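Structure first, commentary second.
The values are calculated or read from the model by the stated rules, or taken from the named source; none is laboratory data. All figures in this text were calculated on a predicted structure; none of them were measured in a lab. Positions of Cβ are backbone-derived with ideal geometry, glycine not excepted, and every protein chain shown enters the neighbour counts. For the accessible areas, the whole protein counts, side chains as well, though only heavy atoms, and no ligand, DNA or RNA atoms are used. Shrake-Rupley method; radii C 1.70, N 1.55, O 1.52, S 1.80 Å.
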Amino acid sequence: MTDATDAPGAPAPLATQPLVAALVDDAGLFPPTALAMDDAVARHRADLVAAHPVHTGRFLCPGSRLDELRQALREGETVDVGVILDQPLASLPGLATSLVGDPRLQLGAVELRLPLDQPLDEAMGAVVTSASALPDAVSTYVEIPLAQADDGETRAALTAVHEAGLGAKVRCGGGTPDLFPSIDQLADFLGAAAELGARFKCTAGLHHALRYTDEQTGFEHHGVVNILVALLRAQAGADSAQVAEALGSTDADALAAEALAASEDAQRRVRAGLVAYGSCSTGAPVEDLAALGLTSPVEVLELRDPTQQVDQQQ
């Protein structure tokens, strides 16, 4: 039997570096894209058909909108969902029970915030108690308030999360300047994560692969490739200044060359640390990473009519 990829004129198989494989969670419901649920689900269907290796295939959804997600699914359709807990921590066991009993929603991960209104040991106790209600196969990521943390608090919180067997979550930006961690704050976090061997996810603000200044807001945004290269350095024993230099760089050629020069083992070690990040665009990361030679290009899905995408692929 002839494989379809061997047919004349067939597109070349998609390829990617281990450093960026399964890197992007679909956060289309979240700002600044903030798609309506039906549009977000339609785009996600199209992405699943395209099956680009940069995408994880996971759909991020606030816990308060899970019923809305259920209504947007077709009969017999299932989705790999990452739940962003936007309800009280005590609601997690009940939410987990409702998801485990629903074959349409395959729960892969839960992301929640570390309570800030109590001491760290008490906050972690509450998180661990609530997370214990989740099935063993479900990963839990605890958001650490990096940009608002005082000296030493980030490492203490990351250590507590890691020692509890959970993953961390780092907010890299948002709608106001105070949500953006500085280069030094992010470098300190990456250094601590490398030392501990901690797992973590990133969220918010990583709209492009490289560091850039938003023309409308004037905000300086971190780039995901900057973070990946910085973590490569941190895991190789670089000092904080070298890690910070990678985070602050806008030299696309140098960053891409450093990423591509890393061995496959080194790339995989980085991704054992940085598990994934949520992006409200699923096309822009692919475009950016392809331009740097880290993955194959693909048509930008957001430029197509979501309804037309689905109809053409039925």
field: Candidate values [x] 38; [y] 22; [z] 12, label of the one derived for percent of Cα pairs over 34 Å apart
entry: [y]
message: Given a 1.4 angstrom probe, I'd like the percentage of the accessible area of the range 53-212 that is carbon and sulfur, rounded to a whole number.
response: 50 percent
- request: Over the chain, give the accessible area per residue in Å² for a 1.4 Å probe, as an integer.
  value: 46 Å²
- prompt: What longest region of the chain stays clear of GluC sites (Glu not before Pro) that DSSP places outside H, G, I, E and B and that have at most 16 other Cβ atoms within 10 Å?
  reply: 78-214
message: Ignoring everything except DSSP H segments at least 4 long, calculate the 222 nm mean residue ellipticity for the chain; use -39,500 (n - 2.57) per segment, divide by total residues, nearest 500.
response: -11500 deg cm²/dmol
query: Under a point-charge model restricted to the Cβ atoms of Lys and Arg (+1) and Asp and Glu (-1), what is the dipole moment magnitude of the chain relative to its Cα centre, in debye to the nearest 20?
result: 540 debye
field: Accessible area of the range 216-291 belonging to carbon and sulfur atoms, whole % at 1.4 Å probe
entry: 47 percent
- prompt: Under a GNM of the chain (C-alpha, springs under 10 Å), which listed residue has the highest mean-square fluctuation: T16, T33, T140?
  reply: T33
field: Other-chain or far-sequence residues with amide H under 5 Å of R199's (modelled H)
entry: A168
- line: Of the residues G174, A50, N226, the Cα lying farthest along the dipole of the chain towards its positive end, which is defined by charges on the beta carbon of Lys, Arg, Asp and Glu, belongs to A50
- request: Assuming a ≥ b ≥ c are the square roots of the Cα gyration tensor eigenvalues, decide whether the range 98-239 counts as rounded (a/c under 1.5), prolate (otherwise, with a/b larger than b/c) or oblate.
  value: prolate
- line: Taking Cα pairs closer than 8 Å and at least 6 residues apart, the relative contact order of the chain in percent is 20 percent
- request: Report the relative contact order of the range 228-283, percent, no decimals, based on alpha-carbon pairs under 8 angstrom and at least 6 residues apart.
  value: 39 percent
statement: Taking the alpha-carbon centre of each part, the distance from the range 44-86 to the range 182-235 in Å is 26 Å
field: Orientation-averaged projected area, Cα convex hull of the range 127-192 (nm²)
entry: 5.0 nm²
query: Using modelled amide H (1.01 Å from N, peptide plane; none on Pro or chain starts), what sits under 5 Å from the amide H of C280, excluding residues fewer than 5 places away?
result: A27
- prompt: Where does the range 86-149 land on Rg(C-alpha)/(2.2 N^0.38 Å)?
  reply: 1.18
